[in-house]
């Protein structure tokens, strides 16, 4: 039996981004322009104190950037309202975890708490995705603390079922599923970095006038990142405007075609509201950009989250999927979202810790089960631009190591200058504990990408990928945060 003794929520403030980042639907007659407010300059960090009935105590942490513009795209609330509503929902989730403080199974406790948070969120007109975000924030802190109490890494805890994971209690078809038969024999600790290319990202030197360059020593164009980091995986944002998207895709292909065996994924971020319009885009994509098309692994969330689960789209989705697999992301708001999307004809779903680690573990089971039963490809992908060092980034790498996902969207850190947002104490501890994951340059620490990959064996430590406590004295309690944009 475990008992939660306390939970606190802090904010890690971030400096201004190095450049703008644009996603989502754009107007045909306007150049890409970032919204005024999409996410604040800071991410949340939680600290949970846990004790068991034997008197053992431990701490657990988690972190996520409150990207309300991705969680809730509705226009009925202003950006400021969306942020305050999301932070209020986070506080409600914290109260739920404190109210249900005693538990035996971390998995069952997570399910119960997520259900309570969802009911409270829906009563206040929150999106399912926002409810998942709020509940998952504390789920990870709980898992971290439980693993630390048992002196197990996340991988070891899952493999030994120390978290009480019983997938058949959620999906009856998993009654005889043996998770241990499908997990990797050892955790993945080497990952290909899939570099995100936003709608306004400069691609070549010609796209970035000298007067606009930062000259901070770091790459500033796609070509420069490819040359410096040896990248070959790329995630390309599309806007829903087929003509401008196809032109830009051609330019991107010219910038990456000379890399060795490039792998491309496209992300629509719900930019299409019409399944037939999207089908026409796919046809034009194959016809006009065949080289890039043949190297595209999947298209992520092209349609709105509502349209994604519309059974009336199934025939068209099936036709498109014969050419290229489709993956859900924003449409993955509930535990059964992927199962519903699979029935429509989608092949995959994104893993994001902000949607829930146990949800991803359930989807891992479903993908394996679906492939066995139906003989059709089913898979998970590693996404999340907002993962910032240390806590969010490290926990996501640890989760990917369990799920066996070997390439992941991982360049939110490029929009900041390395680890400058950490305290001096944390930077010193990072150098001590994670010499494989970070490299020193320009007087700072940066993610160590070599030949397009990172190595992170150092994350295989007791807990959910966290080797040391954040410097909480350098953080701001959430209730005292003066929001910066």
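For the stretch 343-382, filtered to residues that are surrounded by 24 or more Cβ atoms within 10 Å (Cβ to Cβ), without any contact (Cβ under 8 Å) to a residue 60 or more places away in the chain and in a helix (DSSP H, G or I), the residue that is farthest from the chain's Cα centre (by Cα) is 363. For residue 404, the conditions (1) in contact (Cβ under 8 Å) with a residue 40 or more places away in the chain; (2) surrounded by fewer than 22 Cβ atoms within 10 Å (Cβ to Cβ); (3) more than 20 Å from residue 188 (Cα to Cα) all hold with the exception of (3). One residue stands out among those in the stretch 286-300 that are without any contact (Cβ under 8 Å) to a residue 40 or more places away in the chain and touching a helix residue (DSSP H, G or I) at 6+ places or on another chain (Cβ under 6 Å): the one that is farthest from residue 342 (Cα to Cα), which is 291. Quick check on residue 316: is it surrounded by fewer than 23 Cβ atoms within 10 Å (Cβ to Cβ) and over 26 Å from the mean Cα position of the chain (by Cα)? For residue 316, the condition - surrounded by fewer than 23 Cβ atoms within 10 Å (Cβ to Cβ) and over 26 Å from the mean Cα position of the chain (by Cα) - is met.
Before we move on, is residue 303 free of Cβ contacts under 8 Å to residues at least 60 places away in the same chain, assigned by TED's automatic domain parsing to the domain that holds residue 407, touching a strand residue (DSSP E or B) at 6+ places or on another chain (Cβ under 6 Å) and surrounded by 14 or more Cβ atoms within 10 Å (Cβ to Cβ)? It would help to see each step written out before you state the result.
Working: free of Cβ contacts under 8 Å to residues at least 60 places away in the same chain: yes; assigned by TED's automatic domain parsing to the domain that holds residue 407: yes; touching a strand residue (DSSP E or B) at 6+ places or on another chain (Cβ under 6 Å): yes; surrounded by 14 or more Cβ atoms within 10 Å (Cβ to Cβ): yes.
Spelling it out, residue 303 is indeed free of Cβ contacts under 8 Å to residues at least 60 places away in the same chain, assigned by TED's automatic domain parsing to the domain that holds residue 407, touching a strand residue (DSSP E or B) at 6+ places or on another chain (Cβ under 6 Å) and surrounded by 14 or more Cβ atoms within 10 Å (Cβ to Cβ).
For the stretch 79-96, the criterion of being surrounded by fewer than 14 Cβ atoms within 10 Å (Cβ to Cβ) and in a loop (DSSP other than H, G, I, E, B) is met by none of the residues.
Cβ separations smaller than 6 Å between residues 6+ apart or across chains give no pair from the stretch 55-83 residues that are on the phi > 0 side of the Ramachandran plot and assigned by TED's automatic domain parsing to the domain that holds residue 304 to residues that are outside any strand (DSSP E or B) and surrounded by fewer than 22 Cβ atoms within 10 Å (Cβ to Cβ).
Residue-wise test of (1) closer than 23 Å to residue 99 by Cβ; (2) touching a residue at least 12 places away in the same chain (Cβ under 8 Å); (3) surrounded by 20 or more Cβ atoms within 10 Å (Cβ to Cβ).
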| position | (1), (2), (3) |
| --- | --- |
| 118 | yes, yes, yes |
| 145 | yes, yes, yes |
| 149 | yes, yes, yes |
| 152 | no, yes, no |
| 168 | no, no, no |
| 171 | no, yes, no |
| 182 | no, yes, no |
| 197 | no, yes, yes |
| 207 | no, yes, no |
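Filtering the stretch 408-434 to residues that are farther than 16 Å from residue 13 by Cα, at pLDDT 95 or above and crowded, with 17+ Cβ neighbours inside 10 Å leaves 408, 409, 429, 430, 433, 434.
If I filter the stretch 227-234 for residues that are over 27 Å from the mean Cα position of the chain (by Cα), part of a helix (DSSP H, G or I) and in contact (Cβ under 8 Å) with a residue 24 or more places away in the chain, do I get at least one hit? First the steps, then the outcome.
Looking only at the stretch 227-234, we keep the residues that are over 27 Å from the mean Cα position of the chain (by Cα), and these are none.
Looking through the stretch 227-234, none of the residues is over 27 Å from the mean Cα position of the chain (by Cα), part of a helix (DSSP H, G or I) and in contact (Cβ under 8 Å) with a residue 24 or more places away in the chain.
Summed over the stretch 204-219, the residues that are closer than 16 Å to residue 443 by Cα and part of a helix (DSSP H, G or I) give a count of 0.
The values are calculated or read from the model by the stated rules, or taken from the named source; none is laboratory data. Bear in mind that the values here come from a model prediction, so they are computed numbers and not experimental data. Cβ atoms come from the backbone with ideal geometry, glycine included; neighbour counts cover every protein chain shown.
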